[in-house]
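Taken together, the values in this text are just the output of simple stated rules run on the coordinates, not laboratory data. The structure presented is a predicted model; accordingly, all values stated were derived computationally and were not measured. Ideal geometry is used to build each Cβ from the backbone, glycine not excepted, and the neighbour counts take in all protein chains shown.
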Amino acid sequence: MRIATKIHLIVLGLTLSLVATIVSAQTTTVIKFSHVAPSDTPKGQAALRFKELTEQASRRRVRVDVYPNNQLYKESDELEALQLGAVQMVAPSLAKLAQFGVQDFEIFDLPYLFANKDAVSRVTEGAIGKSMLRKLESKGMIGLAYWNNGFKIMSSNKPLKMPADFIGQRMRIHSSPVLEDQMEALGAIPQMLDGNEIYFALHSRIVDGVESSPVNFYAKKLYEVQSHVTVSNHGYLGNAVIVNKKFWDSLPSDLRKVIEDAMREATVYGNNLAAKENDAALEAIKKNKKVTVHFLTEKENAAWRQALQPVRKQLEGRVGKAIVMAATKEVEARHLSER
């Protein structure tokens, strides 16, 4: 009798364990998070941090599968894949979002709008940034966060000190009307290419130069195919973390909160890391004997600003003067408060 009872209990235990496993598998929510950056970049590390935090806080009810470095989709395809539901989360450059009917995101590409990362935060964490993310809902997307990627440098195989130095240079850009206007204002020829095509394009002389953040320049080893870098800080590079709206709406409220909390912490982590890594990358570039690094003088900086003034007028004509003025006031208000 005892043996039979033990066998019964063992069978019952195994059965309950099997049922629990099946139920657990059935209730696991999977987030496919696709992005185009290498895992060792700030964006890549922030994505992994988000995965860790979400899985821990949800007690494995949510599994985040991160696909970095164009493993699933290239830069030009990831937003469409998100809208179709092929992936649940992406982190595209802000320039890409304007292509999906929310032109307000073009303001982030405006030259010399932001003086520093605090000025960026004034917009992204304030009413303007939140309002822009809400506008994505009509496109089947939910915006969760802004991730910084640093301020821009310019590179080529010739010195780029004055606007005249850009004349005839084929410069790679994101697909962005503002960046196209920017390069044309400098006398360059804008060339739109995906991020994973940059190294080959430079090596093959399909393009002559590129604007990038120091961390991206270093991570992509562009110092092997570019001999001159100008630290201009003329523009800002950023990303937005976006989820598929249907997927988001299907989640219970407690899991949405888990994801939002994890994203908030991962954003702070990633943005702090981006600032540190960009400083470190710039120091590494300066030490590279193959690259000559130039910092703009006051005269050169003034010439760049003067040459790029028409870009603002062109942006106001496309997206409206109101949003450009609102963003400018936010930045200027922060600047005045710090005096």
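The table for this structure:
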item	result
Simple spin-label estimate for ALA86 and ALA127 in nanometres, 7 Å along Cα-Cβ	4.0
In nm, spacing of pseudo-spin labels at LYS257 and PHE200 (7 Å Cα→C-beta vector)	4.8
Cleavage-rule hits, chymotrypsin sites (Phe, Trp or Tyr not before Pro), segment 107-160, DSSP coil, Cβ neighbours within 10 Å at most 16	none
Environment charge at SER131 (Cβ cut-off 13 Å; Lys +1, Arg +1, Asp -1, Glu -1)	-1
Convex hull per residue volume in Å³, alpha carbons only, for the chain	163
Base-10 log of normalised Debye intensity for segment 231-304 (one unit scatterer per alpha-carbon) at q = 0.17, 0.19, 0.23 Å⁻¹	-0.83, -0.93, -1.13
Extension gain (nm, one decimal) between GLU224 and LYS286, 0.36 nm per residue minus Cα-Cα	21.0 nm
Estimated distance in nm for a label pair at SER39 and ASN69, the labels positioned 7 Å out from Cα along Cα-to-Cβ	0.8
Fully extended contour minus Cα-Cα distance, from LYS139 to ARG60, at 0.36 nm per residue	25.5 nm
Cα-based Rg and Dmax for segment 145-265, where Dmax is the largest Cα-Cα distance (Å)	18.0, 57
Between 0 and 90°, nearest 10: helix 298-319 axis offset from the chain longest Cα axis	60
Alpha carbon centroid spacing (whole Å) that separates segment 168-225 from segment 94-158	19
Model label zone, MET162; criterion: amide N under 18 Å from point 7 Å along Cα-to-beta-carbon; scope segment 185-203	185-188
Filter on LYS245/LYS313; LYS152/LYS287; LYS32/LYS246; LYS96/LYS290 - keep pairs with C-alpha separation over 25 Å	LYS245/LYS313; LYS96/LYS290
Within the chain, percent of DSSP bridges classed antiparallel, to nearest 5	50
Placed amide H near HIS294: partners under 5 Å, 5+ positions off or other chain	VAL229, THR230, VAL231
Over the chain: helical MRE at 222 nm, DSSP H runs n ≥ 4 each giving -39500 (n - 2.57), nearest 500	-16000 deg cm²/dmol
